[in-house]
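Comments concern the structure below.
Since every read-out is calculated from the coordinates, none of them should be taken as a lab result. Because the structure is predicted, anything quoted here is derived from the model rather than measured. Here the Cβ positions follow ideal geometry from the backbone for every residue, glycine too, while neighbour counts run over all protein chains shown.
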Amino acid sequence: MVKLSARALVLCLCLGLALFAGQPVAAHGHRGGGGGRKDKKDKSGGKQEDPRDTVKRVVTEAIGGNKGIGAALIRLVFHDCWVNGCDGSVLVDSKPYGSKAEKEAESNIGLAGFDVIDKIKSQLASPEKLSCADIVVLAAREATFNLSRGNIDYAVKTGRTDGVVSSASAADAVLPPSTFDFEQLKANFAAKGFDTRELVALSGAHTVGVAHHSSFADRLNDTTSTPISQDYKNALVEDIKKRPIQPNNIRDKDETFRNDAGYDDTGVNTTMAARGVLDNSYYHANLQNRVLFRSDWELRNDFSGQAGNAMETFKRDATQWYDEFGKAMAKLSDLPAQGPRFENRTNCRVFNTNNEY
Ligand code: HEM
Ligand SMILES: *[C@@H]1O[C@H](CO)[C@@H](O)[C@H](O)[C@H]1NC(C)=O
Ligand SMILES: *[C@@H]1O[C@H](CO)[C@@H](O)[C@H](O)[C@H]1NC(C)=O
Ligand SMILES: *[C@@H]1O[C@H](CO)[C@@H](O)[C@H](O)[C@H]1NC(C)=O
Ligand SMILES: *[C@@H]1O[C@H](CO)[C@@H](O)[C@H](O)[C@H]1NC(C)=O
């Protein structure tokens with residue numbers, strides 16, 4: 001008990017200091033406020049850069065170097081915010097001893113973009129004014145804006161704080177595996193306050209990015225397979241021999257594969273320039289049974305018809321999907337952090353203080 005209260009006292013002091021030093025993050029367009037810190041070199045020129053501009057700049061640069069990073073950042077916000085809210089817990093590295101951190105969870109296979117988050121943190125004019133949780137949210141926003149060619153533009157607030165818990169088992173307990181059926185997916189999303197239509201809208205994120213063979217092996221195995229286009233399945237079985245990591249969206253395969261798979265590209269932009277673009281082509285693929293994950297295909301198994309209706313709407317009307325996807329992303333980005341206490345990490349990969357959580 002005595003030890004605990006000493007610890008609590010130190011904690012209170014730290015929190016007090018942090019609160020005292022903490023100022024609300026400048027609103028969009030506001031530059032630095034009166035007499036902001038001048039001791040930190042601004043990488044983009046002389047002036048203090050607005051934190052949102054820093055995020056945009058670093059994310060845009062990163063996508064320029066590697067388009068896949070945009071998809072990684074969009075997935076990162078889902079995997080952070082779904083587990084005890086948006087608290088930056090997914091960014092923490094495991095310690096050499098003790099239990100595994102969140103990013104080691106099975107559901108987090110292939111998770112990436114951590115170096116981009118670190119880069120943003122290191123290039124902020126006032127790094128202490130933006131939490132790691134805020135950076136994850138803002139980075140996903142910018143990635144969504146960029147990959148959608150500016151078509152998806154949603155507003156997010158800042159002011160989140162970072163958590164002090166990061167657990168692989170906690171992540172695996174709440175992140176949906178790709179083998180979930182419709183009722184399980186629906187329940188998983190309902191537990192976070194998301195309805196069927198939002199589930200369908202958010203699953204459209206699988207328009208971009210990639211997956212490991214292990215994430216869709218069940219679909220290629222005759223014992224465990226859920227309905228999938230036979231031509232698509234045959235083409236995949238051949239292709240994974242060479243490429244065990246596949247694009248989520250058949251649109252992003254080459255023309256030979258698409259033809260072999262019998263893909264109907266009516267209404268889909270399949271030019272080279274459109275590869276990797278965040279548009280509504282996921283719904284075209286899904287309604288043709290040409291998606292990788294069981295969880296995607298399962299959206300067709302809604303007896304109420306809601307999920308199917310949403311898919312038809314989003315396939316037909318890209319603008320409608322841009323709007324609803326943006327709204328659902330904003331809602332996801334607002335899931336409140338839950339935890340025993342909070343801090344704003346200096347290094348997004350390491351808790352500021354030692355703790356036993
Ligand atoms: C509905 C339940 C969902 C399931 C079961 C699921 C499952 C998966 C799986 C298994 C992968 C591939 C991982 C790998 O093998 O490398 C993946 C990738 C991805 N997921 Fe989901 N996901 C879901 C929802 C979401 C949501 C809500 C978002 C974002 C809003 C999202 C965004 C992404 C993105 C962008 C990728 C590609 C990542 C990359 O290329 O780095 N997913 N998802
Ligand atoms: C997206 O990023 C690329 C690569 O950096 C850049 O050329 C392009 O202008 C960006 N697009 C938008 C809409 O921000
Ligand atoms: C963390 O930073 C945010 C700004 O992103 C600020 O609003 C909040 O008060 C800070 N929290 C702590 C515990 O310092
Ligand atoms: C297919 O799934 C069954 C049941 O899970 C499993 O026993 C079998 O090993 C799988 N086959 C392949 C080729 O992975
Ligand atoms: C296809 O997408 C690319 C990239 O977004 C765009 O430049 C081009 O105009 C689109 N073509 C059509 C026919 O919409």
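Computed over the chain, the P(r) curve from all C-alpha pair distances, binned at 10 Å from the origin, holds 5, 24, 32, 23, 12, 4, 1, 0 percent per bin.
Considering only Asp195, Asp265, Asp222, the mean-square fluctuation computed in a Gaussian network model of the chain, springs between alpha carbons under 10 angstrom, is largest for Asp222. Dipole of segment 181-258 computed with +1 at Lys/Arg Cβ and -1 at Asp/Glu Cβ about the Cα centre; of Asn248, Thr226, Asn188, farthest Cα towards the positive end is Asn248.
The alpha carbon convex hull volume per residue for segment 177-221 rounds to 83 Å³.
Expressed as a fraction of 2.2 N^0.38 Å, the value expected for a compact globular protein of N residues, the C-alpha radius of gyration of segment 244-357 is 1.46. Largest GNM mean-square fluctuation across Ser229, Ser89, Ser148, computed for the chain with C-alpha springs under 10 Å, falls on Ser229. At full extension, Ala191 and Ser122 could sit 21.3 nm farther apart than now, given 0.36 nm per residue minus the alpha carbon distance.
Please state the equivalent ellipsoid semi-axes for segment 182-330: what are the square roots of 5 times the Cα gyration tensor eigenvalues, largest first, in whole Å?
Rounded to whole Å, the semi-axes are 24, 19, 13.
Using a 7 Å offset from Cα along Cα-Cβ at Asn301, what residues in segment 170-213 end up with backbone N under 14 Å from the label point? So the set is 177-188. Helix-only arithmetic for the chain: the sum of -39500 (n - 2.57) across DSSP H runs with n ≥ 4, divided by the residue total, places the mean residue ellipticity at 222 nm at -13000 deg cm²/dmol. The dipole here belongs to segment 112-216: it is taken about the Cα centre, uses +1 on the Cβ of Lys and Arg and -1 on the Cβ of Asp and Glu, and is about 260 debye. Positive end of the dipole of the chain (Cβ unit charges, origin at the Cα centre): among Ser169, Asn309, Ile69, the Cα lying farthest that way belongs to Ile69. In this simple spin-label approximation, Asn354 and Arg341 carry label points 7 Å from Cα along the Cα→Cβ vector, and these lie 1.5 nm apart. Were the residues from Thr271 through Ser169 laid out at 0.36 nm apart, the gain over their Cα-Cα distance would be 32.6 nm.
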